[in-house]
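A.B. asks: Dropping the structure in here first, questions after.
Values in this text are rule-based calculations from the coordinates and carry no lab data. The shown structure was predicted, so the numbers you read here are calculated from the model rather than taken from an experiment. Note that we place each Cβ from the backbone using ideal geometry, even for glycine, and neighbour counts take in every protein chain shown.
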Amino acid sequence: MVRLSGQQGVPVIAVDDQVIVGFDRPRLERVLAARAAPPAGKPGLGARVADAATMALRQPGLAADGAYIGGVRTGSPAEQAGLRAGDVIVAVGGTPVHDAAGLQAALAGAGAGPLIMQYVRDGQAAQVAVALA
């Protein structure tokens, strides 16, 4: 992070190509909200996600492999399927998901039809069909 931001001694958060120096919650929320919105013409889940491995450092017992859902947009395919903040998506269409980028890649290759997602909630594995928008 020192090489990336030139800063040391303060929190530095990198989301995609955005570097946020200090804990600037409003900016962080804007960057994450923009990341949750799918590109035009691409199917979207409507959930903010992060690498589960990063979140597992803060939440002992959390699945460390997968895409952690930090928030779900109202009315989104994720909400309609029953996914919620704290869930960890571990597979899409039978293909393992190891991190947030893996989930984005799986969604980018998906069509608009229902997609089976395996996830972990409170230590219990489950699956759900999600109709992407």
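A.B. asks: For segment 77-122, treating each Cα as an identical point scatterer without solvent, what Debye log10 I(q)/I(0) comes out at q = 0.17, 0.21, 0.24, 0.29 1/Å?
C.D. replies: For segment 77-122 at q = 0.17, 0.21, 0.24, 0.29 Å⁻¹, log10 I(q)/I(0) is -0.46, -0.71, -0.93, -1.29.
A.B. asks: Return the distance in nm (one decimal) between the two label points of a simple spin-label model at A129 and T95, each offset 7 Å from Cα along Cα→Cβ.
C.D. replies: For the pair A129/T95, the computed spacing is 2.1 nm.
A.B. asks: Could you derive backbone 3J(HN,Hα) for segment 73-80 from the dihedral phi with the Karplus parameters 6.51, -1.76 and 1.60 (θ = phi - 60°), listing whole Hz in sequence and x where the residue is Gly or Pro?
C.D. replies: Working through the residues one at a time gives 6, 4, x, 6, x, 4, 5, 4 Hz.
A.B. asks: Output wanted: per-residue J couplings in Hz (rounded whole) for segment 22-32, from phi through Karplus 6.51 cos²θ - 1.76 cosθ + 1.60, θ = phi - 60°, x for Gly and Pro.
C.D. replies: x, 8, 9, 4, x, 5, 4, 5, 5, 5, 5
A.B. asks: Same structure again: Counting only residues 5 or more places away or on other chains, whose amide H sits under 5 Å from the amide H of D87 once H atoms are built in the peptide plane?
C.D. replies: Correct list: I69.
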